[in-house]
1. Set Lys and Arg Cβ to +1 and Asp and Glu Cβ to -1, take the dipole of the chain about its Cα centre, and tell me which of T12, Y29, V163 lies farthest positive.
2. Skipping prolines and chain starts, which residues have an amide H placed within reach, meaning under 5 Å, of the one on K141, given they are 5 or more residues away or on another chain?
3. For the chain, what is the calculated [θ] at 222 nm in deg cm²/dmol (nearest 500), taking -39500 (n - 2.57) for each run of four or more DSSP H residues and dividing by its residue count?
4. Accessible area per residue, 1.4 Å probe, Å², for the chain: what's the number?
5. Which of the lysines could a cross-linker bridge to K62, judged by Cα under 22 Å and excluding same-chain residues fewer than eight apart?
6. How large, in percent, is the carbon and sulfur part of the accessible surface of the stretch 79-172 at a probe radius of 1.4 Å?
7. How large, in percent, is the carbon and sulfur part of the accessible surface of the stretch 27-76 at a probe radius of 1.4 Å?
8. List the lysines whose Cα lies under 22 Å from the Cα of K124, skipping any in the same chain that are fewer than 8 positions away.
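The values are calculated or read from the model by the stated rules, or taken from the named source; none is laboratory data. Keep in mind the model is a prediction, meaning the values are calculated, not measured. Don't worry about glycine lacking a Cβ; one is built from the backbone with ideal geometry, like all the others, and counts go over all protein chains shown. Surface accessibility is based on the protein's heavy atoms, side chains included, excluding ligands, DNA and RNA. Shrake-Rupley method; radii C 1.70, N 1.55, O 1.52, S 1.80 Å.
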Amino acid sequence: MSHYRPPAPPKTPLITPEGYQVLVDELDYLWRVKRPEVTRSVSEAAAQGDRSENAEYIYGKKLLREIDRRVRFLEKRLPELRVVREHPSDPARIYFGATVELEDLETGEELRVRIVGPDEIDPKRNWISIDAPMARALLKKAIDDEVPVERPAGKAVFLVLDVRYSESQEKA
């Protein structure tokens, strides 16, 4: 039996300036701070003798592999990314970087989402990937448009209440 797994769909290379800076800072932290710390602790654990039963050594080596994996990923991903600094020519429509206020027409519940790149999604802040079905449905819509969205919980229809692009709104 084959263990073939089709390749994952490519991620959209868009990212906000803030999201790009977060990834650059993470790479810098991992390379200049975290990796040297873990390397030092692995050296100290190795100096204690038998490595086969030394939990600190084994854990440290595992942690080093995880750090190196993340560093390799970031070094490969950062050059692929395209930082979107400018706002669209039509700020009344929904595009990448927009913060959108929505109302679920069935429940009356209001929802605010921000459309960001796949590398910066944050469910706690309702930041959704531009590749997400909801974001795809919202693209190019404007205030007062009704937007049908196919969700895992079933189909829903949302009304667009507001569209904004300013960075200062994201601090809240």
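1. Y29
2. I94
3. After summing the helix terms and dividing by the residues of the chain, the value is -10500 deg cm²/dmol.
4. Value for the chain: 66 Å² per residue.
5. By straight Cα distance, K62 reaches K34, K76.
6. 50
7. 50
8. K11, K171
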